[in-house]
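Written out below as structure tokens is the structure these notes cover.
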Amino acid sequence: MADIDFYGGIGDDNGEEGFGLDDDLDGEDNYNTDDKLSPLQKLEKYMQSDNVYTRQMVARGMLDTIRAVEDEEEDCTPVLEAMVKLSEDSDPIVRSELMEQIPHLAMYCQENKDLFPNSVSLYILPMVVRYLNDRNNQVRKTSQAALLVLLEQELISKADIEEQVVSVILDLASPDSMDDYRTEAVALMSKMSQLLGRDMTERLFLSRFCEMCTDPLFHVRKVCAANFGDFCTVVGQDNTERELLPKFYYLCEDGVWGVRKACAECFMAVSCSCSLDVRRGELSNLFVNLLCDLSRWVSSLESANIGVMADNIFFQMK
């Protein structure tokens with residue numbers, strides 16, 4: 001089992017670049033001291049460094065640390081607890097770096113669940129969820145990306161999603177939430193829906209998504225419009241026609257041309273989720289309205305879709 005070389009590298013030759021050890025230790029003494037430390041002890045030592053770049057390197061090497069404690073079973077749980085403590089670092093550089101390692105950490109722990117039982121549910125996922133409302137934008141984005149990878153790779157159970165994730169996302173998407181959080185939440189809901197499937201999306205997200213289509217902030221409405229087609233595809237024809245189409249009509253008449261443009265871009269996807277009668281009776285008129293939109297950015301998009309829309313209206317799509 002390889003040791004964590006980068007921890008030793010932090011202190012030896014890179015001091016001029018800000019990767020040195022603590023000031024009270026230097027040179028050969030550092031090497032001799034660290035050589036006697038276990039991987040867990042090295043982690044606990046360097047995660048307390050005053051140097052943010054040292055702590056960043058600790059986060060970057062977290063997978064190596066976890067691998068290194070395989071032969072010391074009593075250190076398996078403590079190293080996860082230390083990782084959670086590292087996730088509370090005050091500097092966003094460290095928090096963001098740790099989030100970038102999350103998919104690799106989760107995969108490794110899942111493959112070695114005899115050594116790290118329930119590690120994703122108990123340690124990794126709670127960190128990701130906590131970062132979804134982090135005050136730093138980059139940290140939030142890396143946590144969102146990490147969550148989607150965990151879902152895509154099926155590293156978290158649907159039970160954990162409902163118990164730990166959904167309530168946080170719905171809170172972020174609430175009217176009382178900050179503008180940036182609401183915008184990010186609706187985008188995350190839309191991406192998650194494609195991974196969760198119809199039943200969970202309908203039960204957990206559909207109602208809130210419909211509410212956000214009439215949000216006072218146009219950035220939120222624009223994100224709703226941009227993801228409308230994907231949402232329709234996931235929830236199916238009945239939900240599209242009963243729940244989503246009234247909101248789509250509203251968005252297509254939005255006072256902000258950017259929202260209408262997003263509707264024009266997803267129009268074909270929405271129409272494909274509707275019955276032929278709805279396409280002929282309702283969507284055709286809506287299509288004409290967008291085709292005649294005062295904004296050339298909107299009308300030009302629909303002009304390019306005339307042929308496809310004609311097929312949708314006059315021929316039953318398989």
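The values are calculated or read from the model by the stated rules, or taken from the named source; none is laboratory data. Everything numeric in this text was worked out from a predicted model, so none of it was measured. Neighbour counts are summed over all protein chains in view; Cβ atoms, including those assigned to glycine, are modelled from backbone coordinates with ideal geometry.
What the table shows:
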{"read-out": "Which numbered condition V168 fails, given (1) over 13 Å from the mean Cα position of the chain (by Cα); (2) in a helix (DSSP H, G or I); (3) closer than 18 Å to V128 by Cβ", "value": "(1)"}
{"read-out": "Members of segment 87-105 that are surrounded by fewer than 23 Cβ atoms within 10 Å (Cβ to Cβ) and either without any contact (Cβ under 8 Å) to a residue 40 or more places away in the chain or hydrophobic (A, V, I, L, M, F, W, C) (or both)", "value": "E88, S90, D91, I93"}
{"read-out": "Cβ-Cβ under 6 Å pairs, at least 6 apart or on other chains, segment 131-151 side on the phi < 0 side of the Ramachandran plot, far side buried (at least 17 other Cβ atoms within 10 Å of the Cβ) and not in a helix (DSSP H, G or I)", "value": "R140/D134; S143/L132; L150/I156"}
{"read-out": "Counted residues, segment 167-189 - those being crowded, with 21+ Cβ neighbours inside 10 Å and either touching a residue at least 60 places away in the same chain (Cβ under 8 Å) or not charged (D, E, K, R) (or both)", "value": "8"}
{"read-out": "For V186: the one exception among (1) under 21 Å from V58 (Cα atoms); (2) touching a Cys at 6+ places or on another chain (Cβ under 7 Å)", "value": "(1)"}
{"read-out": "Qualifying residue in segment 42-53 (condition: among the small types (G, A, S), over 26 Å from the mean Cα position of the chain (by Cα) and not in a helix (DSSP H, G or I))", "value": "yes"}
{"read-out": "Members of segment 258-279 found to be of a type in the set (S, T, N, Q) and buried (at least 20 other Cβ atoms within 10 Å of the Cβ), listed by number", "value": "S271, S273"}
{"read-out": "Residue within segment 62-84 that is of a type in the set (K, R) and either within 25 Å of E162 (Cα to Cα) or at pLDDT 95 or above (or both) present", "value": "no"}
{"read-out": "Residues located in segment 249-282, provided they are in a helix (DSSP H, G or I) and either free of Cβ contacts under 8 Å to residues at least 24 places away in the same chain or of a type in the set (D, E, K, R) (or both)", "value": "R260, K261, E265, D277, R279, R280, G281, E282"}
{"read-out": "All positions within segment 36-72 that are β-branched (V, I, T) and surrounded by fewer than 19 Cβ atoms within 10 Å (Cβ to Cβ)", "value": "V52"}
{"read-out": "Failed condition for M317, given (1) part of a helix (DSSP H, G or I); (2) hydrophobic (A, V, I, L, M, F, W, C); (3) surrounded by fewer than 18 Cβ atoms within 10 Å (Cβ to Cβ); (4) modelled with pLDDT under 90", "value": "(1)"}
{"read-out": "Odd one out for M83, checked against (1) touching a helix residue (DSSP H, G or I) at 6+ places or on another chain (Cβ under 7 Å); (2) part of a helix (DSSP H, G or I); (3) surrounded by fewer than 20 Cβ atoms within 10 Å (Cβ to Cβ)", "value": "(3)"}
{"read-out": "Whichever residue in segment 284-304 is within 13 Å of K261 (Cβ to Cβ) and outside any helix (DSSP H, G or I) and, among such residues, is modelled with the lowest pLDDT", "value": "D293"}
